[in-house]
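The structure appears below as structure tokens.
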Amino acid sequence: MRTMRSTKCPWAFLGVAGALVMLVAAVHVFMVPILPSSLDFFGAGHGIGKPRNVLPGVGVVDSRLSGQFPSDSYGAVTYRGAPWKAEIGRWLAGCDAGLSVVNITEFIGTKRCEQDCNGQGVCNYELGECRCFHGYAGKRCEEVQKVECNLPSSQEWPVGRWIVSICPAHCDTTRAMCFCGPGTKYPDRPVAEACGFKTILPKKPDDPKLTDWKTPDPDVFTTNKSKPGWCNVNPEDAYSSKVKFKEECDCKYDGLWGRFCETRVECSCINQCSGHGHCRGGFCQCDGGYFGIDCSMPSNYSVAYGMPSWLQPPMNLPDLKNISSSSINVKVVAKKKRPLIYVYDLPAEFDSHLLEGRHYKFQCVNRIYDDKNRTIWTQQLYGAQIALYESILASPHRTLNGDEADYFYVPALDSCLITRSDDAPHLQMPRDLRLRSYHTLEYYRMTYDHIAQRYPYWNRTSGRDHIWFFSWDEGACYAPKEIWNSMMLVHWGNTNTKHKNSTTAYWADNWNYIPIDRRGNHPCFDPRKDLVLPAWKQPNPAAIWLKLWARTRNNRTTLFYFNGNLGPAYKDGRHEDTYSMGIRQKLAAEFGSTPDKQGKLGRQHTANVTVTYLRTEKYYEELASSIFCGVLPGDGWSGRMEDSMLQGCIPVIIQDGILLPYENMLNYNSFAVRMQEDDIPNLIRILRVCVCINSPFRSVITFDTYLVFPSHQGINETQVEFMLRNVRQIWQRFFYRDSILLEAQRQKRLFSEEAPWSVEVSKLDKVDDVFATFIQVLHYKLYNDPWRQGVLQRKETGLPDICSKAS
């Protein structure tokens with residue numbers, strides 16, 4: 001990645017530039033030991049100690065590999081088509097590539113639950129504990145809870161103040177959902193939000209309709225065909241315009257389809273219950289003997305019917321005859337490759353209840369199902385959390401044996417919790433701060449309390465081998481202090497070296513006000529232990545079919561492109577000056593190609609530079625027609641990096657001290673440009689090919705990715721071609737192909753004809769995607785953490801001889 005500043009490139013300056021080259025070269029050669037490394041640089045100011053990234057003998061191993069896998073002129077070592085930082089790529093090329101399988105003993109659960117959870121939950125056979133459905137509780141799921149839809153009523157608010165679950169009809173108090181109820185023709189039809197209340201008509205033609213939350217609408221129950229009803233409206237009569245119906249009513253709940261919710265369809269569950277259960281609103285009701293959030297965990301009562309696919313092919317399988325009636329421990333020896341990941345099966349209130357109680361079918365999930373049970377991919381911004389979770393659960397890198405595990409994945413779902421904050425009275429946020437960030441912190445802290453108390457694994461390492469995913473706008477900024485030793489997966493790699501406080505313009509997500517005794521004083525991201533993962537992008541069959549990522553330089557005519565919210569100066573822009581930390585606003589002020597509210601263009605607007613807020617159906621096409629594409633923050637992270645990579649455009653990153661996906665692992669010099677925020681006015685001069693192309697000093701000097709030195713050159717055509725080629729090679733590392741193909745396989749079992757998205761994704765080259773990259777990163781970290789040395793010496797690793805640690 002090019003980190004640079006720019007000035008004009010006059011010939012008169014070449015002498016100064018040459019002197020600068022010599023000076024910097026001398027500094028680089030003679031003073032490297034006293035200059036901060038990239039990781040120390042990002043950790044500065046936060047009390048972070050020396051990097052724990054070298055094992056005894058690692059230098060010897062690296063010296064063995066360096067001759068075999070030298071770095072290129074950009075400082076990268078290529079492994080499986082991707083340019084990695086030299087020491088990482090070298091280790092992967094020599095060690096990950098030669099990894100062999102090892103024999104792992106898997107333990108199959110045998111502990112029954114009392115009364116089989118009374119049919120109101122799923123038994124965790126590992127712990128002998130019930131995971132109760134929404135609205136049920138107790139050791140045997142024998143308690144029926146009353147989960148209210150409404151807040152306390154008053155004379156002014158007869159149904160209570162507004163909340164998403166507000167209900168003037170029949171409240172299903174096991175889920176806090178509102179239905180027409182008994183006495184109506186369609187008792188299971190939802191009466192969600194505005195549906196059940198009077199509508200205030202606009203006074204002016206262009207004004208919107210409003211809802212009178214104080215006045216329930218009795219007409220939703222009418223049988224009078226001349227009034228706009230709902231609960232007694234026959235769908236066929238409504239479709240043929242024989243009766244009126246209330247347009248504010250719709251079908252928001254999952255598992256229902258049609259304008260009048262007349263068709264029951266598949267609900268969205270994790271891995272769709274793996275073929276071993278039924279999805280009930282987001283909670284997997286597993287077949288006998290199976291358990292886990294996706295019914296993928298076998299017990300000794302289910303192995304007689306076969307093993308789940310992620311455990312196959314096993315070896316030394318015990319005699320399965322009559323084993324389902326036995327209570328003896330079952331051990332299965334399977335051949336696997338490290339790293340091995342143990343996934344906690346959390347109590348339902350931490351995950352399944354959030355999914356089962358959704359008031360909008362699009363919440364929390366990255367897909368829903370239509371009236372034919374065909375997959376519809378959603379534009380859920382935070383869908384990566386579900387996609388990664390599904391891939392881990394279905395992966396052969398998963399293990400049921402915590403003693404053999406290299407990592408422990410804690411599947412807390414912050415995006416679902418935040419999306420559903422204040423959905424219903426039982427989900428109301430803490431009274432003291434009313435912040436979604438604080439609510440999330442407490443949720444993760446309670447998850448930590450559970451695993452630390454119920455399992456032996458956390459205390460062995462103080463959680464350093466545990467993995468947590470924070471997918472919301474500012475990532476792990478509001479992680480509780482108790483879990484900070486763990487690896488954090490985020491979309492927002494803010495090292496807090498420049499932006500030290502909350503960067504969101506949305507008050508409810510601001511973490512500045514969280515008490516320090518709850519959060520601690522950690523940064524949002526530590527590049528030595530954490531990882532930025534790409535955000536979710538739905539499969540776009542047209543873009544894949546057109547191979548937009550493969551567009552050559554000749555077909556990219558726009559020099560720079562950015563399309564997104566540009567702040568308060570533009571129509572429909574965010575009104576907060578602090579939105580995007582002001583970065584998008586600065587870009588628009590210089591290069592805006594669409595007039596702002598005052599009719600002004602950017603000070604330096606030019607024909608082949610697009611900076612606009614106007615949404616377009618040709619967004620992907622316009623990205624694919626550009627050489628460089630802007631990657632700027634929003635309320636925290638935005639998906640512009642993924643948009644750029646998936647359309648083959650060179651990312652131009654403008655967010656100081658905030659890392660992008662894999663930036664602490666991949667060599668960004670090879671495919672991206674990083675600019676300082678203060679250099680925005682020089683953007684175009686940096687990106688244009690320098691007029692001094694024949695200068696003997698035309699090559700841009702490559703420094704440590706994170707040490708910013710001034711550059712007095714533009715980017716020449718050779719470098720552009722090189723970076724575009726690398727983007728084409730690695731774009732799938734920003735795409736959740738594995739999770740998408742899992743769904744494609746499930747759909748193939750149901751339908752003879754594949755959907756267009758399935759056809760096109762299945763045709764893609766079988767190169768590494770997000771999940772494969774994630775596993776490679778875990779593998780590298782596994783053998784480059786000093787704590788793990790003693791542990792791994794007691795385990796069969798499968799490493800090649802060249803990777804053995806010399807004393």
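In Å and on Cα atoms, what radius of gyration and Dmax does the stretch 430-501 show?
For the stretch 430-501, the Cα-based Rg and Dmax read 13.1, 40 Å.
Tell me which residues come under 5 Å, amide H to amide H, from Arg674 once H is placed; ignore anything under 5 positions away on its chain.
Placed amide hydrogens put Arg2, Thr3, Met4, Ile653 under 5 Å from Arg674.
Kirkwood Rh, the chain, all Cα pairs: how many Å? Intermediate results must be reported in sequence, preceding the final value.
Numbers: mean 1/r = 0.0347 Å⁻¹.
For the chain, the Kirkwood estimate is 28.8 Å.
Can you return the lysines within cross-link range of Lys372? Criterion is Cα-Cα under 23 Å, with same-chain partners fewer than 8 residues away left out.
Cα-Cα hits under 23 Å: Lys252, Lys361, Lys748.
In terms of the Cα gyration tensor, with a ≥ b ≥ c the square roots of its eigenvalues, is the stretch 94-185 rounded because a/c is under 1.5, prolate because a/b exceeds b/c, or oblate? Walk me through the numbers on the way to the answer.
On the way: a/c = 3.80, a/b = 2.13, b/c = 1.78.
Prolate.
Excluding residues fewer than 8 places away in the same chain, name every one of the lysines whose C-alpha is closer than 23 Å to that of Lys571.
Leaving aside lysines fewer than 8 places away in the same chain, those within reach of Lys571 are Lys204, Lys209, Lys586, Lys597, Lys600, Lys618.
At a Cα cut-off below 27 Å, give the lysines reachable from Lys337, other chains included and same-chain residues fewer than 8 away excluded.
Straight-distance partners of Lys337: Lys85, Lys529, Lys763, Lys766, Lys781, Lys795, Lys805.
If you average the sequence gap of Cα pairs under 8 Å that are 6 or more apart and divide by the length of the stretch 59-110, what percent do you get for the contact order? Can you show the working numbers first?
Working: 40 pairs, mean separation 14.1, N = 52.
Computed value for the stretch 59-110: 27 percent relative contact order.
How large is the dipole of the chain about the Cα centre if only Lys and Arg carry +1 and Asp and Glu carry -1, each at its Cβ, rounded to the nearest 20 debye? Kindly include the intermediate steps, with their values, before the conclusion.
Working: 93 positive and 87 negative charges, 262 e Å.
Charge dipole, the chain, about its Cα centre: 1260 debye, nearest 20.
Any idea what the relative contact order of the chain is, in percent, if you count C-alpha pairs under 8 Å spaced at least 6 apart? Spell out each step's value before the answer.
Values: 1659 pairs, mean separation 133.1, N = 807.
Here the relative contact order equals 16 percent.
Place +1 on the Cβ of every Lys and Arg and -1 on the Cβ of every Asp and Glu in the stretch 86-193, take the dipole about the Cα centre, and give the residue among Pro182, Ile166, Cys130 whose Cα lies farthest towards its positive end.
The Cα lying farthest towards the positive end belongs to Pro182.
Heavy atoms only, probe 1.4 angstrom, no DNA, RNA or ligands counted: give me Arg556, Arg280 ranked by accessible area, highest first. The partial results should precede the final answer.
On the way: Arg556 5, Arg280 70 Å².
Listed by decreasing accessible area, they come as Arg280, Arg556.
Over the stretch 458-565, what is the mean sequence separation of C-alpha contacts under 8 Å (at least six apart), divided by residue count, expressed as relative contact order in percent? Walk me through the numbers on the way to the answer.
Values: 121 pairs, mean separation 28.8, N = 108.
After rounding, I find 27 percent.
222 nm [θ] for the chain, helices only, -39500 (n - 2.57) per DSSP H run of 4+, per residue, to 500?
Details: 21 runs with 181 residues, N = 807.
Helix-only estimate at 222 nm: -6000 deg cm²/dmol.
Could you work out the local net charge near Val265, counting Lys and Arg as +1, Asp and Glu as -1, over the other residues with Cβ closer than 9 Å to its Cβ? Please report the intermediate quantities before stating the final value.
Working: positive: Arg264, Lys372; negative: Asp254, Glu266, Asp370, Asp371.
Overall, the nearby charge balance is -2.
Quick one: Karplus J couplings for the stretch 133-148, per residue in order, coefficients 6.51, -1.76, 1.60, θ = phi - 60°, nearest Hz, x for Gly and Pro?
Per-residue couplings from phi come out as 5, 4, x, 10, 8, x, 4, 10, 6, 7, 8, 9, 7, 10, 9, 6 Hz.
Can you compute log10 of I(q)/I(0) for the stretch 321-440 with the Debye formula, treating each Cα as one identical point scatterer, at q = 0.10, 0.19 Å⁻¹?
Each listed q corresponds, in turn, to -0.47, -1.09.
What does the highest-first list of 94-104, 120-130 look like by mean Cβ count within 10 Å?
Working: 94-104: 16.5, 120-130: 22.0.
Sorting 94-104, 120-130 by mean packing, highest first, produces 120-130, 94-104.
Just order 371-379, 435-443, 234-242 by mean Cβ neighbour count inside 10 Å, highest at the front, would you?
Working: 371-379: 14.9, 435-443: 22.6, 234-242: 13.0.
The packing order, highest mean first, is 435-443, 371-379, 234-242.
Residue separation times 0.36 nm, minus the C-alpha to C-alpha distance between Asn224 and Arg264: what's the value?
Values: separation 40, 0.36 × 40 = 14.40 nm, distance 2.66 nm.
Result: 11.7 nm gained on full extension.
So with the 1.4 Å probe, I'd like the accessible area per residue for the chain, rounded to whole Å². Working shown, then result.
On the way: 33220 Å² over 807 residues.
About 41 Å² of surface per residue is accessible.
Just for the Cα atoms in the stretch 432-590, what are the lengths along the principal axes, largest first, rounded to whole Å?
Projected onto the principal axes, the Cα atoms of the stretch 432-590 cover 59, 37, 27 Å.
On a full-extension model of 0.36 nm per residue, what is the gain between Ala542 and Leu201, subtracting their alpha-carbon distance, rounded to one decimal in nm? Provide the component values of the computation, followed by the final result.
Working: separation 341, 0.36 × 341 = 122.76 nm, distance 4.11 nm.
Taking 0.36 nm per residue and subtracting the Cα distance, the gain is 118.7 nm.
In the chain, carbon and sulfur make up what percent of the accessible area (probe 1.4 Å)? Walk me through the intermediate numbers first.
Numbers: 17180 of 33220 Å².
For the chain, the apolar C and S fraction of the accessible surface comes to 52 percent.
Order these peptides, 254-261, 265-272, 182-189, 153-160, by their mean beta-carbon neighbour count within 10 angstrom, highest first. List each step's numbers first, then the result.
Values: 254-261: 19.4, 265-272: 23.5, 182-189: 15.2, 153-160: 12.6.
Peptide ranking by packing, descending: 265-272, 254-261, 182-189, 153-160.
Based on alpha-carbon centroids, what's the gap between the stretch 201-242 and the stretch 92-128 in Å, whole number please?
Distance between centres, Cα-based: 52 Å.
Once Lys and Arg get +1 and Asp and Glu get -1 on their Cβ, which of Ala550, Tyr513, Thr797 lies farthest toward the positive end of the dipole of the chain?
In the chain, that residue is Ala550.
Between Gln115 and Lys146, what's the calculated FRET efficiency when r is the beta-carbon distance and R0 is 25 Å? Round to 0.05.
Details: r = 22 Å, r/R0 = 0.87.
Approximately 0.70, to the nearest 0.05.
The values are calculated or read from the model by the stated rules, or taken from the named source; none is laboratory data. Quick caveat, the model's predicted, so the values are computed rather than measured. In this analysis, Cβ positions are derived from the backbone assuming ideal geometry, glycine residues included, and neighbour counts consider all displayed protein chains. We work out accessible area using only protein heavy atoms, side chains counted, and drop any ligands, DNA or RNA first. Shrake-Rupley method; radii C 1.70, N 1.55, O 1.52, S 1.80 Å.
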